[in-house]
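Below is one structure, written out as structure tokens; the observations come after it.
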Amino acid sequence: MLSPHPMQESESLKELTNVSPLSPYRNTFNSTQTTNESLNFSSDYYFTPSFSGMFCAPYWTVTTSAFITREAILLLSRDSTLLSSIAHVTDTIENFLTERNIEAFQSISIGTDPEMPEWNALVLQYDLKNTDYSTLLLLWDDVCKKVYEELDPEVARKIAISFDQAE
Amino acid sequence: MFDPLDFLKLCKEISSYSTIREEALRRTQIGRSYYASHLIAREKVRRYYPYLLKNLRKRGEEHSVVRDKLKACGHGNISDKLYSLSRYRGTADYDLTQPVGTSSLTKAIRLSEDIVSLVQQIRSL
């Protein structure tokens, strides 16, 4: 039901995975340390996009159908608390949309604030197909309530859910 | 005291304004529609947490402080909608390479109206 964002995936996805932007993809990264430098990106062709990271202590594997920017993966690689929650969050949103037969393009990126350069958040972007804007705004309220009521406040502060209409 | 809602009302009023600088007008409208909702939200937060917005390191910090407080108080939807609107505003005010069309303006105004309505429904924080 959900698919990588067609508008955003082309350049970044090529850079990240060296695969055709139209192909289903799988991103993986492995690291024995949490430093940037040790991250090693590789790619494969799979129907279920996923990425995984191995850290000093825990080992996490997250599977999602979202397009994920390199910066977002790096942020997740440095924040095991956020990484451990993000799969549940994206699952919750995907299920919410699927239950309502809504198709969406999904992407995960880093959002910044021009007024506050040191502030950032993991932006979970969903571009909904065939949904009028009034309905979209109500769905957005509902999904936020569903996600945040069961999410650790410290993790909730680090993410932003964004709904828009698919072009 | 100035009412931030006037920014939003003005945004809608000037939509029919005739100018050859249409994109500049749209960018201005998006910026004001963001500030209408941000300031309404900020004043709601200030009412319940008057000290939160004092002694900020930077003036611009209030944007994230307001969003974070709303989210911490169970209004994650308003927080995230404010953030999305701030991204429209960021593009409108800072990004000269990305065209700002009527679709962005329409969504920004609708989003701003929605945020204002949600904030006005808050009875306590």
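The values are calculated or read from the model by the stated rules, or taken from the named source; none is laboratory data. None of the values given here were measured: they were computed from a predicted structure. Heads up, the Cβs are rebuilt from the backbone with ideal geometry, glycines too, and the neighbour counts pull from every protein chain shown.
Taking the criterion of being touching a residue at least 60 places away in the same chain (Cβ under 8 Å), touching a strand residue (DSSP E or B) at 6+ places or on another chain (Cβ under 8 Å) and farther than 13 Å from A:LEU139 by Cα, the residues of the range A:78-102 that qualify are A:LEU82, A:ILE86, A:VAL89. When B:ASP80 is tested against the conditions (1) touching a Phe, Trp or Tyr at 6+ places or on another chain (Cβ under 9 Å); (2) at the interface with another protein chain (Cβ under 10 Å from one of its Cβ atoms); (3) within 14 Å of B:ARG27 (Cβ to Cβ), the lone failure is (3). Screening the range B:102-121 for residues that are within 9 Å of chain A (Cβ to nearest Cβ) and without any contact (Cβ under 8 Å) to a residue 12 or more places away in the chain and picking the one that is nearest to B:ARG42 (Cα to Cα) gives B:ARG110.
Counting only helices (runs of 4 or more DSSP H) that sit completely within the range B:9-125, zero hold 3 or more residues that are surrounded by fewer than 22 Cβ atoms within 10 Å (Cβ to Cβ), in contact with a Pro (Cβ under 9 Å, 6 or more places away or on another chain) and of a type in the set (Asp, Glu).
For the range B:21-44, the criterion of being within 13 Å of another protein chain (Cβ to nearest Cβ) and at pLDDT below 95 is met by no residue.
Taking the criterion of being in contact (Cβ under 8 Å) with a residue 12 or more places away in the chain and more than 8 Å from chain A (Cβ to nearest Cβ), the residues of the range B:83-101 that qualify are B:LEU85, B:TYR88, B:ARG89, B:THR91, B:ALA92, B:PRO99, B:VAL100, B:GLY101. Residues that are within 13 Å of another protein chain (Cβ to nearest Cβ) and not basic (Lys, Arg) within the range B:45-72 comprise B:LEU56, B:GLY60, B:GLU61, B:GLU62, B:HIS63, B:SER64, B:VAL65, B:VAL66, B:ASP68, B:LEU70, B:ALA72, listed in sequence order. Might you check whether a residue that is hydroxyl-bearing (Ser, Thr, Tyr) and in contact (Cβ under 8 Å) with a residue 12 or more places away in the chain occurs anywhere in the range A:140-149? No, there is no match, as no residue in the range A:140-149 is hydroxyl-bearing (Ser, Thr, Tyr) and in contact (Cβ under 8 Å) with a residue 12 or more places away in the chain.
Out of all the residues in the range B:13-25, is one or more farther than 27 Å from A:LYS158 by Cβ and among the basic types (Lys, Arg)? Within the range B:13-25 (the criterion being farther than 27 Å from A:LYS158 by Cβ and among the basic types (Lys, Arg)), the answer is yes, since at least one residue qualifies.
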